[in-house]
Amino acid sequence: PRHIVPTHYDIRLELDLDTVSFQGEVGINITVLEPTDAIVLNAAEIEVKSSRLVDGAKTLEISEISYDEDAERVSFQLQDPLSPGDYRLGLEYSGIINDKLRGLYQSVYRDSDGVEHLIATSQCQAIDARRVFPGWDEPDFKATFQTTMVVAEGLEAYSNTREVERSNTEDGRVEFQFAPTMKMSTYLLAFIAGPFDATEPAMVRGTPVRIIVPRGNLHLTDV
């Protein structure tokens, strides 16, 4: 459906590499173009735990959540129809770090001692961002995105944009916050976490560039 348009996403992912699963939150700024009594998003292998729709300071009631697994959609039926205007949709959900190279998935690397280490990485092309968060996962639904990732202590996290802040959570994990992206399609999103090292940024034609490698491999980045 084209009568609701997303303009901005705030995505928070809490990754657990031990259980290869994640907890997620997404807040989406949406513009309703025509009166409607339902909001339809793409979602696959995701379970929505709670939903909240806000109109300014007013919270609107969502009466029913339903899934269409074949179409990879989740629908939110509203108690009262929405009028055209701007709203904020907030969702809490859970998902899996799968082994199928789709969405947020598992990979491994072997260190110099032959020990395997698990990492989480992503492939959102062409329509697999819907396995990371519920949203409008079609190329023409462009929006801006701001990502926060929470990982175990000792791991690093990366997304599309520069890291703007990191902090320790009360339970001993590390929270990484990233700058907003440009307006873009969902298939360009990237989410990576694991035991990595990164070089200091080098300016390349005015753009800071780093090389990110499995921990212990910085010596391979010398030029």
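The values are calculated or read from the model by the stated rules, or taken from the named source; none is laboratory data. Nothing here was measured: the structure is a model prediction, and the numbers come from that model. Here the Cβ positions follow ideal geometry from the backbone for every residue, glycine too, while neighbour counts run over all protein chains shown. Surface accessibility is based on the protein's heavy atoms, side chains included, excluding ligands, DNA and RNA. Shrake-Rupley method; radii C 1.70, N 1.55, O 1.52, S 1.80 Å.
Amide H neighbours of residue 49 under 5 Å, at least 5 residues apart or on other chains, H built in the peptide plane: list them.
Under 5 Å from the amide H of residue 49 lie the amide H atoms of 92, 93, 94, each far enough along the sequence or on another chain.
Enumerate the amide H contacts of residue 36 below 5 Å, restricted to partners 5 or more residues apart or on another chain; note that Pro and chain-start residues carry no placed amide H.
82
Taking the Cα centre of the chain as origin, work out the dipole magnitude from +1 charges on Lys and Arg Cβ and -1 charges on Asp and Glu Cβ, in debye rounded to 20.
740 debye
Can you tell me which of 44, 198, 120 moves the most in a GNM of the chain? Springs connect C-alpha atoms under 10 Å apart.
198
Suppose each label sits 7 Å from its Cα in the direction of the beta carbon; what would the residue 70-residue 108 distance come out to in nanometres?
Taking the simple label geometry, residue 70 and residue 108 are separated by 3.7 nm.
On a full-extension model of 0.36 nm per residue, what is the gain between residue 116 and residue 92, subtracting their alpha-carbon distance, rounded to one decimal in nm?
Net length gain for the segment: 5.4 nm.
Would you calculate the separation in nanometres between label points at residue 101 and residue 5, each defined as 7 Å from the Cα along the Cα-to-beta-carbon direction?
Each label point lies 7 Å from its Cα, and together they span 3.6 nm.
Answer rounded, prolate or oblate for segment 145-223, using the Cα gyration tensor with square roots of eigenvalues a ≥ b ≥ c: rounded when a/c is under 1.5, else prolate when a/b is larger than b/c, else oblate.
Oblate is the answer for segment 145-223, as a/c is 1.5 or above yet b/c matches or exceeds a/b.
Ordered by residue, what ³J(HN,Hα) values in Hz, to whole numbers, does segment 2-11 give under the Karplus form 6.51 cos²θ - 1.76 cosθ + 1.60, where θ = phi - 60° and Gly and Pro are x?
Each residue of segment 2-11 in turn: 10, 8, 10, 10, x, 10, 7, 10, 10, 10 Hz.
Run the numbers for residue 144 and residue 33: contour at 0.36 nm per residue of separation, minus the present Cα-Cα distance, in nm.
38.1 nm
What does the accessible area per residue of segment 107-183 come to in Å², with a 1.4 Å probe and no ligands, DNA or RNA counted?
Averaged over the residues of segment 107-183, the accessible area is 51 Å².
Report the longest stretch of the chain that contains none of the trypsin sites (Lys or Arg not before Pro) sitting in a DSSP loop with at most 11 other Cβ atoms within 10 Å.
Within the chain, the longest run free of exposed trypsin sites (Lys or Arg not before Pro) spans 3-161.
Just the number, please: carbon plus sulfur as a percent of the accessible area of segment 69-145, 1.4 Å probe, no ligands or DNA/RNA counted.
For segment 69-145, the apolar C and S fraction of the accessible surface comes to 43 percent.
Hey, what did the chain get for relative contact order, percent, Cα under 8 Å, at least 6 apart?
Across the chain, relative contact order equals 20 percent.
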